[in-house]
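Okay, structure first, notes after.
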Amino acid sequence: MSVLSSLPHRPRAQRKSRRGHFGLILTSVLTAACAATLVAYLLWPTWAPYKAADPAWLPVSVGATLFNIPKDAVRVKAQRYSGPQERVDLSFAYPSLDPPTVPRRVNTETIAASDEPIDRIFLSIAAHHDAMSPDTRLQTIYPRYLDEASARTEDGLSMRTFRAGSPYENEDLFVAAAPNLVARCTRDRETPGMCLSERRVGDADLTFRFPRKWLERWRDVATAMDRLIMKLHGPRN
């Protein structure tokens with residue numbers, strides 16, 4: 001009797017065992033599916049196509065000297081790129097020294113066609129290729145053509161006139177020591193006089209151009225040129 005009474009219970013136990021195994025398998029499958037869904041959600045790319053904005057500053061090397069150039073200050077469109085360049089032509093609003101915000105056609109070549117005052121300081125950076133330095137030109141070349149009788153000093157700024165018939169005829173030389181300034185300026189005639197001041201930085205010569213009238217506040221102009229050099233070549237804030 002004990003053997004017969006135990007026989008009906010075996011299929012029921014087997015069915016319970018199979019249901020238990022099926023439950024475990026189903027739980028494992030659901031867990032794996034949830035895990036796969038979570039991983040797919042976390043790894044699914046969420047980016048959209050993005051077009052990077054043009055950089056506001058361009059790292060430009062002239063010769064082997066690196067400059068950080070504000071893109072909006074570059075006057076020639078073909079020069080608005082990073083990397084090595086032989087020459088870069090720039091303009092800055094004065095006295096703020098920010099890149100110009102409003103396009104202007106007035107420059108050192110077209111000032112004769114406009115009555116508007118120049119509020120720009122122009123700067124050209126070019127590789128010097130071991131040409132004579134501005135300091136050497138001041139000490140050895142200019143003195144040959146200066147009129148000794150024309151020397152005068154006012155407010156710390158000395159002025160010497162170049163002799164008639166010299167390569168610098170109708171120009172004057174202005175020199176100051178504190179702050180440092182050397183400028184060769186044309187005289188006011190049919191058009192306002194313009195000044196040219198050169199500095200050497202590494203493998204590049206920096207040529208500044210500005211109206212002669214600005215020399216009435218020559219210390220501000222000299223300081224502005226120093227600030228521009230630091231802005232373009234010195235440490236960036």
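What follows draws every value from the coordinates through simple rules; no lab data is involved. Since the structure is predicted, the reported quantities are computational estimates derived from the model, not experimental observations. All Cβ positions, even for glycine, are placed from backbone atoms using ideal geometry, and neighbour counts span all protein chains on display.
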Cut-off 16 Å (backbone N to label point 7 Å along Cα→Cβ of ASP220), residues of the stretch 119-137: 119-122
Cut-off under 5 Å, modelled amide H: who pairs with ARG75 long-range: ASP89, LEU90, SER91
Given charges at Cβ of Lys, Arg, Asp, Glu: the stretch 57-233 dipole, positive-most of GLY202, ALA164, GLY83: GLY83
Spin-label pair LYS213/ILE141, simplified geometry with 7 Å Cα→Cβ offset, distance in nm: 3.0
Estimated FRET transfer efficiency (VAL76, GLU190; beta-carbon r; R0 35 Å; 0.05): 0.80
